[in-house]
């Protein structure tokens with residue numbers, strides 16, 4: 001049963017929300033537009049909030065549901081973290097789209113929302129503060145996720161979740177390596193800048 005949960009977590013995480021909505025709304029492949037990510041930020045830049053909000057909500061659920069299932073069915077927080085990691089990998093490397101997906105942020109947030117709601121809420125406030133001051137979504141996202149492990153340790157003292165938080169941060173950092181290059185070069189798009197394809 002636990003192996004089945006892991007497999008289902010990947011398949012759920014791999015569900016290509018952004019790709020399907022943009023394909024249906026505009027008959028475009030979001031993987032050929034902007035940052036080529038299927039996530040909500042790239043969808044927002046191309047299709048606006050009308051498309052980005054449902055993408056973000058579904059991608060959050062893709063992380064929340066595997067964690068909820070692991071805790072509800074097995075009362076196993078380690079399995080919950082593993083299920084979340086597999087879901088995030090599925091989102092980033094979806095089998096349905098030849099392993100070309102998103103950055104994994106919303107899916108990660110969905111799982112952490114269940115595991116550590118208060119630390120996550122504070123890290124989201126940090127994300128918003130950095131976003132409003134810089135208008136760089138990538139910088140804000142990484143700042144919030146960087147703060148999460150420290151907040152977990154300070155608020156809950158949960159060392160397992162502290163180290164798990166670092167695992168997710170490093171994975172998301174890797175997925176944002178192109179954003180980091182653009183930030184250093186001064187070519188990263190800011191929030192509100194639209195793209196066309």
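What follows is calculated from the coordinates using simple rules that are stated; it is not laboratory data. All values derive from a computational prediction rather than experimental measurement. Counting neighbours? That spans all protein chains shown, and the Cβs are built from the backbone with ideal geometry, glycine included.
Can you confirm whether the stretch 45-62 contains a residue that is touching a helix residue (DSSP H, G or I) at 6+ places or on another chain (Cβ under 9 Å) and closer than 21 Å to residue 163 by Cα? Scanning the stretch 45-62, I find no residue that is touching a helix residue (DSSP H, G or I) at 6+ places or on another chain (Cβ under 9 Å) and closer than 21 Å to residue 163 by Cα, so the answer is no. Does residue 79 satisfy being outside any loop (DSSP other than H, G, I, E, B) and either free of Cβ contacts under 8 Å to residues at least 24 places away in the same chain or surrounded by fewer than 24 Cβ atoms within 10 Å (Cβ to Cβ) (or both)? Against the criterion (outside any loop (DSSP other than H, G, I, E, B) and either free of Cβ contacts under 8 Å to residues at least 24 places away in the same chain or surrounded by fewer than 24 Cβ atoms within 10 Å (Cβ to Cβ) (or both)), residue 79 qualifies. Being surrounded by 17 or more Cβ atoms within 10 Å (Cβ to Cβ) and farther than 27 Å from residue 34 by Cα is the filter here, so list the residues in the stretch 124-150 that pass it. Residues satisfying the conditions are 147, 148, 149.
Rundown of residues vs (1) closer than 17 Å to residue 63 by Cβ; (2) within 15 Å of the chain's Cα centre (by Cα); (3) in a helix (DSSP H, G or I), yes/no style:
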{"site": "110", "(1), (2), (3)": "yes, yes, yes"}
{"site": "114", "(1), (2), (3)": "yes, yes, yes"}
{"site": "130", "(1), (2), (3)": "no, no, yes"}
{"site": "141", "(1), (2), (3)": "yes, yes, yes"}
{"site": "144", "(1), (2), (3)": "yes, yes, yes"}
{"site": "148", "(1), (2), (3)": "yes, yes, yes"}
{"site": "154", "(1), (2), (3)": "no, no, yes"}
{"site": "157", "(1), (2), (3)": "no, no, no"}
{"site": "160", "(1), (2), (3)": "no, no, yes"}
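Residues of the stretch 156-176 that are surrounded by 19 or more Cβ atoms within 10 Å (Cβ to Cβ) and either free of Cβ contacts under 8 Å to residues at least 24 places away in the same chain or under 17 Å from residue 113 (Cα atoms) (or both): 161, 162, 164, 165, 168, 172. The set of residues in the stretch 2-35 being surrounded by 15 or more Cβ atoms within 10 Å (Cβ to Cβ) and on the phi > 0 side of the Ramachandran plot consists of 34 alone.
Looking across the stretch 1-46, the residues that are more than 27 Å from residue 188 (Cβ to Cβ) and in a helix (DSSP H, G or I) come down to 2, 3, 4, 5, 6, 7, 8, 9, 10, 11, 12, 24.
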